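Written below as structure tokens is the structure these notes are about.
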Amino acid sequence: MDGFYMPEKIQEDHFNKIKDVFASESPEKIPHQLISLLEVFDHFKIDIAVTGESGAGKSSLINVFLGLNPDDTGAAPTGAVETTKQPTMYQHPNLPHVRLWDLPGMGTPSFTAKSYVKTVNFDLYDMFMVVISERVRENNMLLIDEIGQRKKPFYFIRTKADNDMQRKKTKNSQKRALDQIRRDCEKYVKEKKLDPHVFLVSAHETQNYEMQKLMDTFKNEVSQLRAEVFSSFLDKMLHGGWMNERHATHHLQQTGKLQADDITTLQNMYKRTGFGAAKVSVVLEALSHFQLDVAVLGETGSGASTLVSALIGLENEVSDAATACTCNPAMSLGYPDVRFWDVSGIEANMDYSMNWTKQVLNCYDFYIIILSDCQKARHIKLAKAVEQLRKHYLFVQTKADCHLQTRTDLYCDETEILDGLRAQYTQELQMAQLYEQQIFLINSLDRSAFDFIGLESALSCDLNTIRASAFAYYIARIVKQHK
């Protein structure tokens, strides 16, 4: 552990802005202010409208986002006739703050081009996906004009690409046809001096064309958009005069983007501290770049480095080349803005230097503690040290497969042996009066075995839960250091 160094959790430019925001604040008050703000932000919903002409494939596109087939329960109705009679909301399955709205098709007797925008109320939505099939038509450009006037972001999505390719016999002819379709789409939006993302997709052949690119782009961009929309509403609500304030507050409540209590919290915070839209924007930008640090704790040889490699998705044969250590964290796209650290062996220092051990442990935000054998019970000491820091952790037994191999003398099936092992550890943790008792039995070399999927699910949930508080206390600490 000699030469231990923890890199900063936010970049210098974000740090300087945050420092300026809280320059006049008491560091002791910062955590409560930030946690209150971020709790409200966590409730904030963003509304994405999927719009276009009737029959363009809007509902089919919604179902791809939902991960549903047309006949599944909860799927958006699809068909050759007009199926969407009114704006219908669908909760995104993997992004809890995102609501997808399937708007009725434009250009039908029920929704004529002239009255469409007013009837479906474009002002309620934060972003649009303009869906077209075949060629770009006048109605599509009318929609884009209305979106541009509102200065709202949008994607231009050309559906049914598979239909166009049926008549193309060679890969070269298919590529030329797709390139031409893209040029046609881009031509019309560039004439409006707009530059949206353009995607060519098929709801029936989602593995082909650009459906995955659309999904990934949306996932990567929607968090920043949500922060911008939240800050924009705050600006209108707190700084826009009584008319804008009334309109923004009504909009938030009418659409359910925030509850009345959340709006009151923001208004009271501004009155007490002057914490308005500009400061909130700086905070949310810093939060989006904040790095959570996860320490994997265990005895030397307990499998900490192998576990880190498994968590970041490295194959077994390359894990030794890229494992984390106390000077080099590991990162993965599966856990955005999370750094995993192999801190195995630290418990050896606990007997003669507990203060130093706690000082090192306090650099991390969350802990995965590898269970040692019951005679040593090193994991108990580590857990109690973490609890004294008032932080969270979970337990992992990394060699469940080895345990099974040593119990071949028992006439029990695998489930009974693992249940017995889990019960044994649970009883030990209860006797030690530890407040965290999540236990996962895994084989780090096989992510499909035992409890590994459950471990990943619980870890993602726990990290999302602690991110706001970890950020708040970190900001308070660095502000205090620079006072």
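Observations, loosely collected:
- Enumeration of residues in segment 154-174 that are within 25 Å of Lys219 (Cα to Cα) and either buried (at least 19 other Cβ atoms within 10 Å of the Cβ) or β-branched (Val, Ile, Thr) (or both): Phe154, Tyr155, Phe156, Ile157, Arg158, Thr159, Lys160, Ala161
- Scanning segment 69-81 for any residue that is more than 30 Å from Lys213 (Cα to Cα), open to solvent by 20 Å² or more (accessible area, probe 1.4 Å), of a type in the set (Ser, Thr, Tyr) and free of Cβ contacts under 8 Å to residues at least 40 places away in the same chain turns up nothing.
- Filter result (under 14 Å from Thr159 (Cβ atoms) and either of a type in the set (S, T, N, Q) or assigned to a helix (DSSP H, G or I) (or both)) within segment 185-212: Cys185, Ser202, Thr206, Asn208, Met211
- Pick from segment 439-476, criterion open to solvent by 60 Å² or more (accessible area, probe 1.4 Å) and within 18 Å of His392 (Cβ to Cβ), ranking: farthest from the chain's Cα centre (by Cα): Tyr473
- Members of segment 159-216 found to be touching a helix residue (DSSP H, G or I) at 6+ places or on another chain (Cβ under 7 Å) and of a type in the set (Val, Ile, Thr), listed by number: Thr159, Ile181, Val189, Val198, Val201, Thr206
- Restricting attention to segment 238-253, the residues being without any contact (Cβ under 8 Å) to a residue 24 or more places away in the chain and under 27 Å from Gln91 (Cα atoms) number 6.
- Of all residues in segment 54-68, those satisfying the criterion of being modelled with pLDDT under 90 and either among the acidic types (Asp, Glu) or surrounded by fewer than 22 Cβ atoms within 10 Å (Cβ to Cβ) (or both) are Ser54, Gly55.
- Residue list for segment 26-53, restricted to those being in a loop (DSSP other than H, G, I, E, B), touching a helix residue (DSSP H, G or I) at 6+ places or on another chain (Cβ under 7 Å) and open to solvent by 10 Å² or more (accessible area, probe 1.4 Å): Pro27
Residue by residue, here is whether (1) under 23 Å from Glu285 (Cβ atoms); (2) modelled with pLDDT of 90 or more holds:
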residue: Asn172; (1), (2): no, no
residue: Arg183; (1), (2): no, no
residue: Lys193; (1), (2): no, no
residue: Val201; (1), (2): no, yes
residue: Asn208; (1), (2): no, no
residue: Met211; (1), (2): no, yes
residue: Ala227; (1), (2): yes, yes
residue: Lys236; (1), (2): yes, no
residue: His239; (1), (2): yes, no
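So that you can scan it fast, the table gives a plain yes or no per residue for (1) of a type outside the set (Asp, Glu); (2) in contact with a His (Cβ under 9 Å, 6 or more places away or on another chain); (3) on the phi > 0 side of the Ramachandran plot:
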position	(1), (2), (3)
Gln33	yes, no, no
Gly55	yes, no, yes
Ser60	yes, yes, no
Leu68	yes, no, no
Thr78	yes, no, no
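- Residue satisfying all of: in segment 255-265; open to solvent by 10 Å² or more (accessible area, probe 1.4 Å) and in contact (Cβ under 8 Å) with a residue 12 or more places away in the chain; farthest from Asp47 (Cα to Cα) among these: Thr265
- Residue match in segment 279-291 (condition: assigned to a helix (DSSP H, G or I), under 22 Å from Met89 (Cβ atoms) and touching a residue at least 40 places away in the same chain (Cβ under 8 Å)): no
- Restricted to strands (runs of 3 or more DSSP E) entirely inside segment 58-148, those with at least 1 residues that are within 33 Å of the chain's Cα centre (by Cα) and of a type in the set (Gly, Ala, Ser) are 127-133.
- Just so you know, in segment 434-470 the residues that are part of a loop (DSSP other than H, G, I, E, B) and closer than 30 Å to His43 by Cβ include one that is modelled with the highest pLDDT, and it is Gln438.
- In segment 51-67, the residues that are without any contact (Cβ under 8 Å) to a residue 60 or more places away in the chain and in contact with a strand residue (DSSP E or B) (Cβ under 9 Å, 6 or more places away or on another chain): Ser54, Ser59, Ile62, Leu66
- There is at least one residue in segment 403-412 that is out of contact with any His (no Cβ under 7 Å at 6 or more places or on another chain), modelled with pLDDT under 85, surrounded by 13 or more Cβ atoms within 10 Å (Cβ to Cβ) and of a type in the set (D, E, K, R).
The values are calculated or read from the model by the stated rules, or taken from the named source; none is laboratory data. Treat the numbers as computed from the prediction; the structure is a model and nothing was measured. Cβ: placed from backbone, ideal geometry, glycine included. Neighbour counts: every protein chain shown. Ligands, DNA and RNA are excluded from the accessible area calculation, which covers all protein heavy atoms including side chains. Shrake-Rupley method; radii C 1.70, N 1.55, O 1.52, S 1.80 Å.
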